[in-house]
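First comes the structure, then the notes that go with it.
The values are calculated or read from the model by the stated rules, or taken from the named source; none is laboratory data. Just so it is clear, the model here is predicted, and its values are computed rather than measured. All Cβ positions, even for glycine, are placed from backbone atoms using ideal geometry, and neighbour counts span all protein chains on display. Side chains are part of the model used for accessible areas, which takes the heavy atoms of the whole protein and leaves out ligands, DNA and RNA. Shrake-Rupley method; radii C 1.70, N 1.55, O 1.52, S 1.80 Å.
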Amino acid sequence: MFTGCAKDGKEEGTIYDIGVLPQYQGQGFANDLLSQGTRTLQEVGVWRVFCDTWVGNERMISAFKRVGYRQYGEPWERPV
């Protein structure tokens, strides 16, 4: 029986999408957005934070790494 993604009474958090307008890209705003989103989730008490992007989005993957995220697993797909 699936009981959710809680651990020690805390839920997981996920940052689904962030975006920076083209004229502001390359100025560190993605780092700031990821850092603030992570802090906000920590403040509400999650035990783990996920974020993801398309495997070919190298700029976003680099931003994840810069703010301390690590790759959790390989991508899996299922045609529907």
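Considering (1) closer than 15 Å to Tyr69 by Cα; (2) in contact with a Lys or Arg (Cβ under 7 Å, 6 or more places away or on another chain); (3) at pLDDT 90 or above, the lone condition that Glu12 does not fulfil carries the number (3).
In the stretch 28-50, how many are at negative phi and in a loop (DSSP other than H, G, I, E, B)? Total meeting the criteria: 2. Apart from one condition, Thr53 fits all of (1) of a type in the set (S, T, N, Q); (2) part of a loop (DSSP other than H, G, I, E, B); (3) open to solvent by 100 Å² or more (accessible area, probe 1.4 Å); the exception is (3). Among the residues of the stretch 6-27, those that are under 16 Å from the mean Cα position of the chain (by Cα) and assigned to a loop (DSSP other than H, G, I, E, B) comprise Glu11, Tyr16, Asp17, Ile18, Gly19, Val20.
Output the residue which, of all residues in the stretch 1-50 that are among the acidic types (Asp, Glu) and farther than 23 Å from Glu74 by Cα, is surrounded by the fewest Cβ atoms within 10 Å (Cβ to Cβ). Among them, the one singled out is Asp8.
Scanning the stretch 56-67 for residues being touching a residue at least 24 places away in the same chain (Cβ under 8 Å) and either loosely packed, with under 15 Cβ neighbours inside 10 Å or part of a helix (DSSP H, G or I) (or both) gives a total of 5.
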